[in-house]
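The values are calculated or read from the model by the stated rules, or taken from the named source; none is laboratory data. Because the structure is a prediction, the values reported are computed rather than measured. Note: ideal-geometry Cβ built from the backbone for every residue, glycine included; neighbour counts use all protein chains shown.
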Amino acid sequence: MPSGYPNLPKSDRPDLRLRQFEFTQVDPYSPKMINFAGIVSIVLFYVLILAVGIWAARKKEAGNDSEEEVMLAGRSIGLFVGIFTMTATWVGGGYINGTAEAIYTRGLVWCQAPFGYALSLVFGGIFFANKMREQGYITMLDPLQDAFGERMGGLLFLPALCGEVFWAAGILAALGATLAVIIDMNQSASVILSACIAVFYTLFGGLYSVAYTDVIQLFCIFIGLWMCIPFAWTNPKVQSLKSMEVDWIGEVKPGEYWSYVDYGLLLIFGGIPWQVYFQRVLSSKTAGRAQVLSYVAAIGCIIMAIPPVLIGAIAKATPWNETGYTGPYPFTEAETSMILPMVLQYLTPDFVSFFGLGAVSAAVMSSADSSILSASSMFARNVYKLIFRQRASEMEIIWVMRVGIGVVGVLSTVMALTIPSIYGLWSMCSDLVYVILFPQLLMVVHFKEYCNTYGSLAAYIIAFVVRISGGEPLMGLPALIHYPGYDEETNTQAFPFRTMAMLMSLVTLIGVSYGTQVAFLTGRLAPGYDFFRCVVNIPEDVERVGPDPAEGEQMAVLAAGIGRLYGSKDESNGRVNPALEPDYDMEPGCDKAAGEPEAPHKFFMDKNIESLYKYCFDKRSIANTMRESA
């Protein structure tokens, strides 16, 4: 999940495209000789990160290669490490670079990401963290597959996967460009080296390594940037921030109000449905602690934004043509996207800029490793296991995840080096996460009984079409629909069409689900038309039979008369997803209800599942048996 500025106005976004850093050219205002001192400092920093990652990998229980142990650190992340790794969910390369750029280009009022992502953590803690952790899920997609089926969950996996992979690629590209500016290091070498280190310690340590390296990386970011600020602020070339000529506050013009609200809502609610966030939530020891981590991390996001805000303001107060900078001035979009490393290079001494460079590298690493682990975890569990290999062993899933880590790392690296518009791709994917995943995750967590697979698919299509029709300038995608306030010159939409797409998706999900439910249950549509088998024509339906769904008593009626019982684990255990992991099989003591037609090799569900259950089983005795076995 990625961090950064998914959808700020074009002049307010960190442009991670590589067009200004062609591999066959030397930037006209970069040093002519490789800065070996800078390279040594980077190598030392990488060695430190690698050592911590390997040390953290050894904390994993010997011989315990379960899904939870690798993907969620055995749900044993403590409070101190949890706060840092939850904060690192958002504080990464795009976060600090984008914050400085936003201050420089449009001012503090347009610097929405720190406040938006902080509120995202607060709302995530209030509405999602407790429920998700109590249910013992392993990934964000588990409740979606539980509600809509494995294949629909696989379809919902696509925007989540693309967002993680494209984000990792974009920030690796940003790191390469940063190193090229400050120490004239070969861009390809820096990207490949950074990706290899992140993949290596993530491969063996899983979330343990990611979490413990996050602690080191956040310390490096905070200390490195604060060390640079006094030197940059006291540089004789920098004017006073109180000067009337230095407007680092900015303003929201009347025609930009709706767009401003649209971006704010996208940051707040679009920042919730990311696996990197829920990986931290689900790795907490208890549901209550998961909420606490979210709230404290929100404060951490604000604190970590202070240094880049000051750096952006310092850059705004600097007449760059009076410094050692020899590039184009006023800055083009290419230069403003690199404003933070340029402050480090031209306004601070060399030995100080190396510490700042370490901070930037740390920010990138803390984002890349999380995204790589998140994407591979979702693929191994929610696609490979639940769709293709339901009987796969724990070890097989772990190896699939490790292969996925390598594949995602390679894909991210290749895209970082070859695709100029990688940030545009990620920007579009982050929008799709907001308009597609957020309404569906909201419904399955809080209002599961009001949605089904038909509504999910219809909402998916509507959200995708409406968002694509709005266009994306970063990708060169033209707007098919010109909403009110469309700017022909800049090809940008002033209308909040992203939020409109999200709301349309939510309404479609509820409306289509209700319509299909009524149509099938009233007989207006024959059961044979229930192609997704989620309303009446159900192959294996898990039905809760207790008066309180929290009791976890569930039953699936099979054609051969074999009922499978599912029971939720107590929160103190909390390691089993009650919707996906069976406790044991129960052999019924009778055949199916009289009068029910034979259906060999097919599953069925009686219209009155409660009466069938009472006829075949003594519910109270089964409940007692479950409690005793638990």
Quiz item: Taking the stretch 454-504 only, how many residues are β-branched (V, I, T), under 16 Å from F438 (Cα atoms) and in contact (Cβ under 8 Å) with a residue 12 or more places away in the chain?
Solution: 3
Practice problem: Could you run through the stretch 219-258 and say how many residues are over 30 Å from P319 (Cβ atoms) and at pLDDT 90 or above? | Solution: 2
Practice problem: Collect the residues in the stretch 355-372 that are of a type outside the set (G, A, S) and either outside any helix (DSSP H, G or I) or over 17 Å from G176 (Cα atoms) (or both), keeping them in residue-number order. | Solution: I372
Self-check item: Criterion: in a loop (DSSP other than H, G, I, E, B) and assigned by the TED database to the domain that holds I510 - qualifying residue of L457, L474, L480
Solution: L480
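Quick test for you: out of V383, V408, pick the one residue that is aliphatic (A, V, I, L, M), surrounded by 19 or more Cβ atoms within 10 Å (Cβ to Cβ), on the phi < 0 side of the Ramachandran plot and in contact with a Gly (Cβ under 6 Å, 6 or more places away or on another chain).
Just a single option satisfies the conditions, and that option is V383.
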Self-check item: Residues (among the hydroxyl-bearing types (S, T, Y) and touching a Phe, Trp or Tyr at 6+ places or on another chain (Cβ under 6 Å)) located in the stretch 415-453
Solution: T453
Self-check item: Test: S188 is part of a helix (DSSP H, G or I), more than 30 Å from G78 (Cβ to Cβ), in contact (Cβ under 8 Å) with a residue 12 or more places away in the chain and over 20 Å from the mean Cα position of the chain (by Cα)
Solution: yes
Quiz item: Which residue, of K237, K242, is more than 24 Å from A88 (Cα to Cα), of a type in the set (K, R) and touching a residue at least 24 places away in the same chain (Cβ under 8 Å)?
Solution: K237
Quiz item: Quick check: is even one residue across the stretch 273-291 at pLDDT 90 or above, touching a strand residue (DSSP E or B) at 6+ places or on another chain (Cβ under 7 Å), more than 30 Å from F355 (Cβ to Cβ) and in a helix (DSSP H, G or I)?
Solution: yes
Practice problem: Would you mind finding the one in A392, A375 that is in a helix (DSSP H, G or I), not basic (K, R) and not assigned by the TED database to the domain that holds P473? | Solution: A375
Exercise. Kindly list the number of the only condition in (1) assigned by the TED database to the domain that holds W167; (2) within 30 Å of F36 (Cα to Cα); (3) not small (G, A, S) that fails for F269.
Key: (2)
Quiz item: Has the stretch 329-340 got any residue that is crowded, with 22+ Cβ neighbours inside 10 Å and closer than 26 Å to G205 by Cβ?
Solution: no
Practice problem: Give the stretch 98-140 a look and list any residue that's in a helix (DSSP H, G or I), in contact with an Asp or Glu (Cβ under 8 Å, 6 or more places away or on another chain) and closer than 30 Å to K316 by Cβ, or say none. | Solution: E101, A102, T105, V109, W110
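Against the condition in a helix (DSSP H, G or I), over 15 Å from the mean Cα position of the chain (by Cα) and at pLDDT below 90, how does A168 come out, does it pass?
It is false that A168 is in a helix (DSSP H, G or I), over 15 Å from the mean Cα position of the chain (by Cα) and at pLDDT below 90.
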Practice problem: Within the stretch 232-251, identify whether any single residue is in a helix (DSSP H, G or I) and not assigned by the TED database to the domain that holds A494, and answer yes or no. | Solution: yes
Quiz item: Can you tell me which residues in the stretch 168-210 are over 14 Å from S367 (Cα atoms), out of contact with any Pro (no Cβ under 9 Å at 6 or more places or on another chain) and aliphatic (A, V, I, L, M)?
Solution: A180, M185, A189, I192, L193, L203
Quiz item: What are the residues in the stretch 280-328 that are touching a helix residue (DSSP H, G or I) at 6+ places or on another chain (Cβ under 6 Å), β-branched (V, I, T) and buried (at least 21 other Cβ atoms within 10 Å of the Cβ), if any?
Solution: V281, I311, I314
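Can Y95 be described as touching a helix residue (DSSP H, G or I) at 6+ places or on another chain (Cβ under 8 Å), part of a helix (DSSP H, G or I) and of a type in the set (S, T, Y)?
Yes, satisfied.
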Quiz item: Here are S188, S194: which of them is buried (at least 24 other Cβ atoms within 10 Å of the Cβ) and assigned by the TED database to the domain that holds N97?
Solution: S194
Quiz item: If you go through the stretch 174-182 one residue at a time, do you hit one that is part of a helix (DSSP H, G or I), in the same structural domain as Y346 (by the TED database) and free of Cβ contacts under 8 Å to residues at least 12 places away in the same chain?
Solution: no
Quiz item: Are there any pairs, at least 6 apart or on different chains, whose C-beta atoms fall under 6 Å, with the first in the stretch 131-153 and on the phi < 0 side of the Ramachandran plot and without any contact (Cβ under 8 Å) to a residue 12 or more places away in the chain and the second of a type in the set (D, E) and surrounded by fewer than 23 Cβ atoms within 10 Å (Cβ to Cβ), and if so, which?
Solution: none
Exercise. Kindly list, by first and then second residue, each pair from a residue in the stretch 321-346 that is farther than 17 Å from L310 by Cβ and outside any helix (DSSP H, G or I) to a residue that is small (G, A, S) and at pLDDT below 80, limited to pairs with Cβ atoms under 7 Å and residues at least 6 apart or on different chains.
Key: M338/A177
Self-check item: Residues satisfying the stated conditions in the stretch 46-62, i.e. more than 26 Å from A359 (Cα to Cα) and either modelled with pLDDT of 85 or more or among the acidic types (D, E) (or both)
Solution: E61
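Looking at C451, C429, can you tell me which residue is touching a Cys at 6+ places or on another chain (Cβ under 9 Å) and buried (at least 21 other Cβ atoms within 10 Å of the Cβ)?
Among C451, C429, only C429 is touching a Cys at 6+ places or on another chain (Cβ under 9 Å) and buried (at least 21 other Cβ atoms within 10 Å of the Cβ).
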Quiz item: Among Y257, Y263, which is the only one that is assigned to a helix (DSSP H, G or I), out of contact with any helix residue (DSSP H, G or I) (no Cβ under 6 Å at 6 or more places or on another chain), assigned by the TED database to the domain that holds F166 and crowded, with 24+ Cβ neighbours inside 10 Å?
Solution: Y263
Quiz item: Of the residues that make up the stretch 131-144, is at least one in the same structural domain as S377 (by the TED database), touching a strand residue (DSSP E or B) at 6+ places or on another chain (Cβ under 8 Å) and crowded, with 24+ Cβ neighbours inside 10 Å?
Solution: yes
Quiz item: Which is surrounded by 19 or more Cβ atoms within 10 Å (Cβ to Cβ) and of a type in the set (G, A, S), of S361, S393?
Solution: S361
